[in-house]
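Written below as structure tokens is the structure these notes are about.
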Amino acid sequence: MKREEKALGLKLYNTLTREKEEFIPLNGKQVGMYVCGPTVYNFFHIGNARPFLVFEVLRRYLQYKKYEVTYVSNFTDIDDKVINKAKELGSSYDKIAERFIAEYFCDADFLNIGRADFYPRATEHVDDIIKFILRLQEKGYAYVVDGDVYYDVSKFKDYGKLSKQSIDEIKAGARIEVDERKKNPYDFVLWKKAKEGEPEWSSPWSSGRPGWHIECSVMSSKYLGDTFDIHAGGEDLIFPHHENEIAQSEAASGKLFARYWLHNGYLKIDNKKMSKSTGNILTIRELSQKYDGSTIRHFLLSAHYRSPLNYSIEQMEQSRNSIETLNNLIFNLKFFSKGKQIHKMIDEESKKLNETVDRMKEIFIEAMDDDFNTPIALSTLFLLAKETNIYLNKTRNKNLEIIKKVIQFYEDFGANILGLKFSSQLTRQTILPEKEIEHLILTREKARKNKDWETADQIRKKLLGLGIVIEDTADGVRWKKS
């Protein structure tokens, strides 16, 4: 399919051009997407979770838009951090990596992060990495010093095009480890000669292991080709990691590497940067003891992915309450959906709700098409919830088809795209205010007087499901909380 084929309305902010661009894949409806995954030496924290989650939601939306997405997310399973963790625990690097890859999937499943199509590991691609480095060496981009191999940044004329920095700016601003063996202080390592006791692989230069940046260049091209559509990750990866990936990949292939670069903003804890020194790192495993996965998902999607996001207890409680609102609505919708349609004709209230569903769908799609604006997309769930609750509470002759249409909206957009899991069980705030309880009981009494036994029984069951037991006595109706 030709490059000029029109996309389906989606625009994404490309870090490479600093502009919103119409998303037009390289190969028609097929999309190649690479998201930098974790270094597996510990449980991942909420800052790590943001790119893992938000870009997987983008994958879901692309699939909704009928694109065929090949989604790749790597594991860095050999690295200084992995090696140091192994030493700390008296274990081996491969056992540490295996353990925390398993822990990653446990926490990712808890957050309902869909599985990638491929999870390549650095250690599984060492031969590919060596071949890639040899190609760079043959083209004059790499040089060897005492068994280490470095990339010569001065040879790549476009270095800095992603971070929008010149070589002089990079040299002045970068915190670079002093190494007099390098041709330039900002050259970076492609292959590291092993120190005593470290894991090692044979290579033409030394027994050692790959550098960090080369891993993603090799694994992304292996699964997606020399040029692919979307490369995504956290804002902190723009420089040097993604800048170095571009330099390596485009020098080796002579082609454009990734066409759209997406980066999410930083996440802070109570307006402070997460760091080990301050002890304010929050892992998903820790948060799972306090909140369910959908609450954390709601929080992470509540700000635009490019904006900074601040974690606080207040914010999390707001997200918890928001999810409970949706859970309670879904419970009520499913309760009423079991009833029988009273009228085939749609009355004014049903028509109004039907139009609201259509409008919310349009707003949702427009928001997601405008650089993946999840806060506005999320808001449609709650705007519709407000109108639906009014409908359920005030409309006597409820239309079953409209209720099913509302349920379908939440399944399509809330669950399938945003990845929220709606509980079929009642939550801690389900008990209704007494005025609403009295109103339902009064409505039930009117139905009984009119011999509308079906409506009366539905209300009784609803109250029972909400923890309210009603008793019909000679002196009238009594109720109590079960």
Before rounding to the nearest 500, sum -39500 (n - 2.57) across all DSSP H runs of length at least 4 in the chain and divide by the residue total; then give [θ] at 222 nm in deg cm²/dmol.
-> -14000 deg cm²/dmol
Compute the FRET efficiency between residue 401 and residue 457 as 1/(1 + (r/R0)^6), taking r as their Cβ-Cβ distance and R0 = 25 Å, and round to the nearest 0.05.
-> 0.70
Counting sequence-distant residues (5 or more places) and residues on other chains, those with an amide H built under 5 Å from that of residue 305 are 374
Could you work out the local net charge near residue 226, counting Lys and Arg as +1, Asp and Glu as -1, over the other residues with Cβ closer than 12 Å to its Cβ?
-> +3
Please list, in chain and number order, the residues 5+ apart from residue 30 or on another chain whose amide H is under 5 Å from its amide H, with Hs placed from the backbone.
-> 68
From the phi of every residue in segment 67-76, what ³J(HN,Hα) in whole Hz does the Karplus formula 6.51 cos²θ - 1.76 cosθ + 1.60 yield, where θ is phi - 60° and glycine or proline is x?
-> 8, 9, 9, 9, 10, 10, 9, 8, 10, 7
Per DSSP loop assignment and a cutoff of at most 10 other beta carbons within 10 Å, the chain keeps its longest run without exposed GluC sites (Glu not before Pro) at 197-482
Rounded to whole angstrom, the alpha-carbon centroid of segment 114-155 lies from that of segment 172-245 at a distance of 7 Å
17 Å Cα-Cα reach of residue 351 towards lysines, excluding residues that sit fewer than 8 places from it in its own chain | 361, 386, 394, 398, 404, 405
Rounded to whole Hz and in sequence order, give me ³J(HN,Hα) for segment 225-235 from the Karplus expression 6.51 cos²θ - 1.76 cosθ + 1.60, θ = phi - 60°, writing x for Gly and Pro.
-> x, 4, 10, 9, 7, 10, 10, 9, x, x, 4
Just need the relative contact order of segment 1-106 here, percent rounded to a whole number, with Cα pairs under 8 Å and 6+ apart.
-> 27 percent
Label assignment, Cα extents along the principal axes in Å derived from the structure, set [x] 96, 55, 35; [y] 81, 78, 61; [z] 95, 49, 43 | [x]
Measure off 7 Å from each Cα along the Cα-to-Cβ vector at residue 354 and residue 207, then give the distance between these two points in nanometres to one decimal.
-> 7.6 nm
If you average the sequence gap of Cα pairs under 8 Å that are 6 or more apart and divide by the length of the chain, what percent do you get for the contact order?
-> 15 percent
Enumerate the amide H contacts of residue 21 below 5 Å, restricted to partners 5 or more residues apart or on another chain; note that Pro and chain-start residues carry no placed amide H.
-> 12, 13, 14
Within-10-Å neighbourhood charge of residue 284 [Cβ basis; K, R +1; D, E -1] | -2
Counting DSSP beta bridges with both partners in the chain, what percentage is antiparallel, nearest 5?
-> 55 percent
For segment 21-97, run through the trypsin sites (Lys or Arg not before Pro) and keep only the ones in DSSP coil with at most 14 other Cβ atoms within 10 Å of their Cβ.
-> 66
For residue 313, the net charge from surrounding residues (Cβ-Cβ under 15 Å; K, R +1; D, E -1) works out to 0
Over segment 199-279, what is the relative contact order in whole percent, taking alpha-carbon pairs under 8 Å and six or more residues apart?
-> 30 percent
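Laboratory data are not the source of any read-out in this text; all were calculated from the coordinates shown. None of the values given here were measured: they were computed from a predicted structure. Because the Cβ atoms are built from the backbone with ideal geometry, glycine has one as well, and the counts that use them run over all protein chains shown.
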